[in-house]
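Quick notes on the structure that follows.
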Amino acid sequence: MEKSKIAVVGGGTMGNGIVTVFAINDFSVSLVEISEDLVNKALKNIESNLSRLVKKGSITEEKKNQSLQNITPIISIKNTPVDTDLVIEAVYENKDVKLSIFKELHALIQPSCIFATNTSSISITELSASIRPDKFIGMHFMNPVPMMKLVEIIRGYSTSNETYEKIKAITLSLDKTPVEVNDFPGFIANRILMPMINEAVFALMEGVATAEDIDTVMKLGMNHPMGPLTLADFIGLDVCLAIMEVMFKGFGDSKYRPCPLLRKMVAANKLGRKSGEGFFKYN
Ligand code: NAD
């Protein structure tokens, strides 16, 4: 069977990981970014992802080079190939930005193409309402994508069974484990994870303990591989805040209110690893 042609829109933290995984599994994948600098930055990160896998003995040097050849860098959405079979959008966690990108893609790409979003929390139903709703789905990869087995597959109100089955099959072909989820704010992963991270930020803000000690308690006391504040830095504090906002608005329940310290740090551009500083400092 011929492999689907993939396009990943956004080559940031998640996009470059998603491209890496498709390329290793011999899909032809277009990497769409907004500028030459950003597409080159994403390609560099993909090369590092692949080199790390070579070092670990998961793939050979030859496989790394083959994988890189499966990737076509593309600048600007308007140059996305018309005959793409599956688009995966991985841009900022902002509903209006995602909607405008999908509208542009809808006008451009063949009608049989499935649109998937890697959103962490935004309603699939709302994103898909005026854009091929039966061929629209959530495909929520976990960070770092090459290492993490889970993909939450989220059905919008009108997602067809055919679309769901195709995405489930593609996910399995990437050697990932799909979990079917209905469309509620934050789905499963972030509905449970983000309130824990937010509570850790409240504990820090209230002076209950230092950032190091909060993380130590969760690592040694709960056997978490990473403390919640280190994890927040890894995910990106802007992404964490955006997810909390979606759940706060979506459920209308004060238990999802974002911690003021989280807001303040995002306003100060202390976004975690990607900006060099969050709850901890990075080189
Ligand atoms: P990011 O900020 O690292 O990357 C976003 C990228 O999108 C940037 O490189 C930007 O240049 C690009 N972009 C913006 N507009 C574009 C356009 N019009 N065309 C092409 N590219 C464009 O963000 P991220 O952390 O990778 O998050 C992306 C999505 O994945 C969000 O919806 C987020 O909620 C979700 N997500 C994030 C994580 C995480 O741990 N960071 C985990 C799972 C899901």
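Can you pull out the residues in region 225-254 that are aliphatic (A, V, I, L, M) and free of Cβ contacts under 8 Å to residues at least 40 places away in the same chain?
Answer for region 225-254, where residues must be aliphatic (A, V, I, L, M) and free of Cβ contacts under 8 Å to residues at least 40 places away in the same chain: MET226, LEU231, LEU241.
So that you can scan it fast, the table gives a plain yes or no per residue for (1) within 16 Å of the ligand (Cβ to nearest atom); (2) in contact with an Asp or Glu (Cβ under 7 Å, 6 or more places away or on another chain); (3) assigned by TED's automatic domain parsing to the domain that holds SER173; (4) at pLDDT 95 or above:
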site	(1), (2), (3), (4)
VAL39	yes, yes, yes, yes
VAL87	yes, no, yes, yes
VAL97	yes, no, yes, yes
LEU108	yes, no, yes, yes
SER128	yes, no, yes, no
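Does region 57-66 contain at least one residue that is within 12 Å of the ligand (Cβ to nearest atom) and either surrounded by 16 or more Cβ atoms within 10 Å (Cβ to Cβ) or within 22 Å of THR119 (Cα to Cα) (or both)?
Within region 57-66 (the criterion being within 12 Å of the ligand (Cβ to nearest atom) and either surrounded by 16 or more Cβ atoms within 10 Å (Cβ to Cβ) or within 22 Å of THR119 (Cα to Cα) (or both)), the answer is no, since none of the residues qualifies.
Restricting to region 43-67, name every residue that is farther than 19 Å from MET148 by Cα and under 18 Å from the mean Cα position of the chain (by Cα).
The one that is farther than 19 Å from MET148 by Cα and under 18 Å from the mean Cα position of the chain (by Cα): LEU43.
What pairs come out if I take residues in region 267-281 that are at pLDDT below 95 and pair them with residues that are open to solvent by 60 Å² or more (accessible area, probe 1.4 Å) whose C-beta lies under 7 Å away, six or more apart or interchain?
LYS274/THR13
Among the candidates LEU231, LEU174, single out the residue that is under 25 Å from PHE115 (Cβ atoms), within 23 Å of the chain's Cα centre (by Cα) and open to solvent by less than 80 Å² (accessible area, probe 1.4 Å).
Result of the check over LEU231, LEU174: LEU174.
Output the number of the condition that ILE75 fails; it satisfies all remaining conditions of (1) touching an Asp or Glu at 6+ places or on another chain (Cβ under 7 Å); (2) farther than 30 Å from LEU53 by Cα.
(2)
Restricting attention to region 15-34, report how many residues are open to solvent by 40 Å² or more (accessible area, probe 1.4 Å) and within 12 Å of the ligand (Cβ to nearest atom).
Residues meeting the conditions: 1.
Look through region 234-262, keep the residues that are away from the ligand (no atom under 16 Å from the Cβ) and part of a helix (DSSP H, G or I), and return whichever of them is most open to solvent (accessible area, probe 1.4 Å).
Top of the filtered list is LYS255.
Regarding region 83-95, can at least one residue be identified that is open to solvent by less than 20 Å² (accessible area, probe 1.4 Å) and among the hydroxyl-bearing types (Ser, Thr, Tyr)?
Yes, because at least one residue in region 83-95 is open to solvent by less than 20 Å² (accessible area, probe 1.4 Å) and among the hydroxyl-bearing types (Ser, Thr, Tyr).
Checking the condition crowded, with 23+ Cβ neighbours inside 10 Å, more than 16 Å from the ligand (Cβ to nearest atom) and of a type in the set (A, V, I, L, M), which residue from ILE114, ILE154, ILE124, ILE137 passes?
Working: ILE154 fails: more than 16 Å from the ligand (Cβ to nearest atom); ILE124 fails: more than 16 Å from the ligand (Cβ to nearest atom); ILE137 fails: more than 16 Å from the ligand (Cβ to nearest atom).
So the residue among ILE114, ILE154, ILE124, ILE137 that is crowded, with 23+ Cβ neighbours inside 10 Å, more than 16 Å from the ligand (Cβ to nearest atom) and of a type in the set (A, V, I, L, M) is ILE114.
The values are calculated or read from the model by the stated rules, or taken from the named source; none is laboratory data. Given the structure is predicted, the values throughout are model-derived calculations rather than measurements. Ideal geometry is used to build each Cβ from the backbone, glycine not excepted, and the neighbour counts take in all protein chains shown. Remember, those area values only see protein heavy atoms, side chains included, never the ligands or the DNA or RNA. Shrake-Rupley method; radii C 1.70, N 1.55, O 1.52, S 1.80 Å.
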